[in-house]
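The values are calculated or read from the model by the stated rules, or taken from the named source; none is laboratory data. What you see is a predicted model, and the numbers here were worked out from it, not measured in a lab. Ideal geometry is used to build each Cβ from the backbone, glycine not excepted, and the neighbour counts take in all protein chains shown.
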Amino acid sequence: MNEYIQQDNRGNMRIKGPFHGIPVNIGWESVDSLAQLIETDGAAAWFMFWRGKILRDPVGLAKRCQDAMHAWFGSNPRVAEAWARQQAEVRRQKRDPSHAIEYPTFRDFLTHVKTVQKQQDAEPSVLDDGCQRG
């Protein structure tokens, strides 16, 4: 624990800092807890880890986790699209606080993401040879 890694931002992004005058969102999770969360809920809640920038990773652990997120979101494009839309809406609201977001809380949004994932899983996909799998 330090001034940036605290219990209030374990599993949740919180503004910490500022770092050189810039507030930065920081969230963290232990390796074991992250693995368990991904195993039970998939990577849908970890978009920011997929899109984030690793600043320091002396043993390559964050890179391995981020690679796993890239593979997961690559296999779940509708979930990635939902996240991209939500992130754009949040940025818009930060510029214009009167802008209403369809999913204003993280919990609301994760409920939506789980619905998107179920819909995606239920859709047949087309294999490279043009055949459908169901």
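The conditions of being closer than 23 Å to ASN9 by Cα, at pLDDT 85 or above and either part of a loop (DSSP other than H, G, I, E, B) or small (Gly, Ala, Ser) (or both) are not met by ASP108. Helices (runs of 4 or more DSSP H) fully within the stretch 1-92 that include at least 1 residues being free of Cβ contacts under 8 Å to residues at least 60 places away in the same chain and in contact with a strand residue (DSSP E or B) (Cβ under 9 Å, 6 or more places away or on another chain): 31-41, 47-51.
How many residues are surrounded by fewer than 17 Cβ atoms within 10 Å (Cβ to Cβ) and either modelled with pLDDT under 90 or under 14 Å from HIS112 (Cβ atoms) (or both) when one looks only at the stretch 76-88?
5
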